[in-house]
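See below for the structure under consideration.
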Number of protein chains: 2
Amino acid sequence: MSAPHMDPDEFRRAGHAVVDWIADYWTTLGQRPVTSADPPGALAAALPAAPPTAGEPVEAVLADLDALVTPRLTHWQHPGFFGYFPANTSGPSVLGDLVSSGLGVQGMLWATAPACTELETVMLDWLAGLLDLPQRFRSHTRGGGVIQDSASSATLVATLAALHRASGGRWRDHGVDRRYRAYTSTHGHSSIEKAARIAGLGGEGVRAVEVDPDTQAMRPDALRAAIEADRAAGDLPAIVVATIGTTSSTAVDPLPQIGAICAEYGIWLHVDAAYAGAAAVCPELRWSHAGLEYADSYCFDPHKWLLTGFDCDAFWVADRSELIEALTVMPEFLRNAATESGAVIDYRDWQVPLGRRFRALKLWFVLRWYGVEGLRAHIRRGVALAARFAERVRADDRFELAAPHPFSLVCFRLRVGAELDAVNADLLARVNGTGRVHLTHTRVGDRYTLRLAVGSPQTAEAHVDEAWRLLDEAATDLLGKG
Amino acid sequence: MSAPHMDPDEFRRAGHAVVDWIADYWTTLGQRPVTSADPPGALAAALPAAPPTAGEPVEAVLADLDALVTPRLTHWQHPGFFGYFPANTSGPSVLGDLVSSGLGVQGMLWATAPACTELETVMLDWLAGLLDLPQRFRSHTRGGGVIQDSASSATLVATLAALHRASGGRWRDHGVDRRYRAYTSTHGHSSIEKAARIAGLGGEGVRAVEVDPDTQAMRPDALRAAIEADRAAGDLPAIVVATIGTTSSTAVDPLPQIGAICAEYGIWLHVDAAYAGAAAVCPELRWSHAGLEYADSYCFDPHKWLLTGFDCDAFWVADRSELIEALTVMPEFLRNAATESGAVIDYRDWQVPLGRRFRALKLWFVLRWYGVEGLRAHIRRGVALAARFAERVRADDRFELAAPHPFSLVCFRLRVGAELDAVNADLLARVNGTGRVHLTHTRVGDRYTLRLAVGSPQTAEAHVDEAWRLLDEAATDLLGKG
């Protein structure tokens, strides 16, 4: 009746080997191609069809990791990775997450792991202070913060709390029994439409509000017009999602005006700062958060630009009772004295899943190892590297900047005529095809636009300069010398 | 402009220290109290109000982890932890997760980390084979598997796909514009009501179907009656959630009869085997999955009873196109050639969030390190330990078993008269108050019932025997000698 488990001594030995494997991976990262050239199915075809009958040693798995898996990855921590938004991590984050894995506790209720809940509350208060967020989000008020897996889930729970409020509590029992509307700009993230669909509003429940062509930011007058039109049609405006740092171009929606409109109509204002929120650790970048005092909820992703591994979205509400009322269900098997006392936070009522990992540990490790000054240095470095790259673009007449670059993302393209989209797509394919860098694209002003987002801790001036050199060479191949 | 990051050598040194910390924690776990006696707020009060200005070494954080955090945890991996359902982990799982943290890749699209997607597809096929699930869930058919964070999220996405199907595709654009109904037994998990609420059906959208008083399993005749009543009222039955192993008592709903009813009415059948699904790695326990060929979707949690750390819910659908149609949104910034070729899986369309960790790695490490025989030994050991405990209960006239115990959960209580609930609650408080074990409770047949769930890899006969000894002593204090 014995089941052999890995004993602590074997874990110690194999654990050191895995730590060394990661250290070696990070050391050699810059020499690897950023992306894989293998076709779909290459890894699947190389693996057996079933697990082994008898167990194998960790070394056998690590050997296959090297031979089969890592060559078929996109290396997000690579110094030449400039795609999407960064999903950077760091040594301290990996170690904090390792402790969490080793403890293996469940933080669904305060009672099921008190320190998991309390450290999370304190870390969210630390972050709120670090970003200088409004007092109403701090846990000593009616508000408070929680870790969500992603900004997608933050938008979803904000939408649910907004429906609860807009319906006067009716939604909880009766569901979506009239037409509610959500608003975001045409550059709001796709997760806003997804949240509305999940919540039962349908894709048509989302109004895409026009942006200003110069700033790519939401036009408050267009928001007001959309709200008025919906009200006139008998629909109920429930939530506005404003963005600090849109995915396409890091545009900043004008929160002071948008917030005033939400206050006037009694609409929930959720602010999605998934990527750019981290910038607010630097006082000189806090202009981007002006007007946040209007927000009912706010989130940013430490897992994007604050050196904390995925998943870690920091989400705050100004009135936690609305969120909890929207989401709580209490079965007998979860009843406990601490919950009934009302003196504790049960974070399961702040999110979609019931279970929760001890994710606050990685934040704790990151915030303490870097300190405030270390985090500011990281953000400033990203902004400076992006500015350095933008300067190259600006100085080359063949190229143009497609949008302002207030943070660490630069949007740019070749100035060409009728074939602009195709030529720029070709440019992107050529530089990515070198395997030295990886950039992605979007559309700004409905034109194909390349994006270079800086964020990996390993990225230095030399890597940004190499990206520019590759673009310069590819442009010359495509267009002739500039 | 320099930002100091943890270099690979420092990571190697600190990483070894953290691995050793975990090995020491596991070695000393049995000597710790299972739960903390500290009142709410004790940890929060012991922490500073803000992060440090300058960074601190990892050792400083580990010292505070020992002094402040671990004493205030419920130790889920403790050999005396018998609460809720197990959330067991293992050395191989921790190591696989560590590799995932170190790689720091994002698997939202195939193109953003091909090996992350392909290893996940293969691991879900391995698991499907391991549990002998129907062929229709394998990736070479129209179906396939994906990792969700939890069974809660699996139920939610199943509900959304069911609404998409029930509406004939109308739901995607128009949302919940009529009344849909979901069905589960009175012992279905609370996440089913939560999913219905999130999806906009409201709490009243869920019909709680009566159970058989002997088996605690859903009554097919009652299900049929509820469906007929709703149809007569003009409401649309969308989904039935049947359970293999309910949370209260591990009851198994009669899938063959329920499945036939769902097929007759064209209703989506989701099967929630969050805890007990793992039992199907043992051929002698596969009776519990009879009728699964009717299911449109199925999930179980390797993070409960299959030695894989949270979060890891394995979720399968018989027709992946329905799920993808329900959930996909394609913004420009995610467009890529691989997606447009139709030759790849983009798992972001199978879940709520956009981002994804490389969670298949921990499954790969677990399945290879244990092998099929190691996993079967683990399950058989849990079942045998539960049977051993149940034998003690059965042999003591003061106690009774409150339900069958087909897996590793035993439901029991003191046989007392009018004060049954209070006396049993007192019994639970007394044994948990020793700090040696942790059990939780539920209600079965509307009576207070204690639950002892076996699952920690460290739990041996001695720990189960100690739990019984403490219960015996507390019962003697409460009632006199048996």
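A short reminder: the numbers here are calculations on the coordinates, not readings from a lab. Not measured: the values here are computed from a predicted model. Positions of Cβ are generated from backbone atoms using ideal geometry, with glycine treated the same way; all protein chains shown enter the neighbour counts.
For this structure, a couple of remarks:
- Distance cut-off 26 Å, percentage of C-alpha pairs in region A:366-479 lying past it: 20 percent
- Percent breakdown of C-alpha pair distances by 10 Å bin, ordered from the shortest bin, for chain B: 4, 18, 26, 25, 18, 7, 1, 0
- Unit charges on C-beta of K, R, D, E only; dipole of chain A, Debye: 500 debye
- Kirkwood Rh and Cα Rg combined as Rg over Rh, evaluated for region B:213-272: 0.98
- Under 25 Å, Cα to Cα: Lys pairs in the protein assembly as shown, sequence gap 8 or more or different chains: 8
- Per residue, the average separation of C-alpha pairs within less than 8 Å and at least 6 apart gives chain B a relative contact order of 21 percent.
- Look at the dipole of chain A built from charges on Cβ: of A:417, A:222, A:318, the Cα furthest out on the positive end belongs to A:222.
- Cα-Cα separations in the protein assembly as shown greater than 45 Å, expressed as whole percent: 26 percent
- Rh (Kirkwood; distinct C-alpha pairs) - region A:169-266, Å: 13.8 Å
- Percent antiparallel among DSSP beta bridges (both partners in chain B, rounded to 5): 60 percent
- Counting only Cβ charges, +1 for Lys and Arg and -1 for Asp and Glu, the dipole size of the protein assembly as shown around its Cα centre is about 560 debye.
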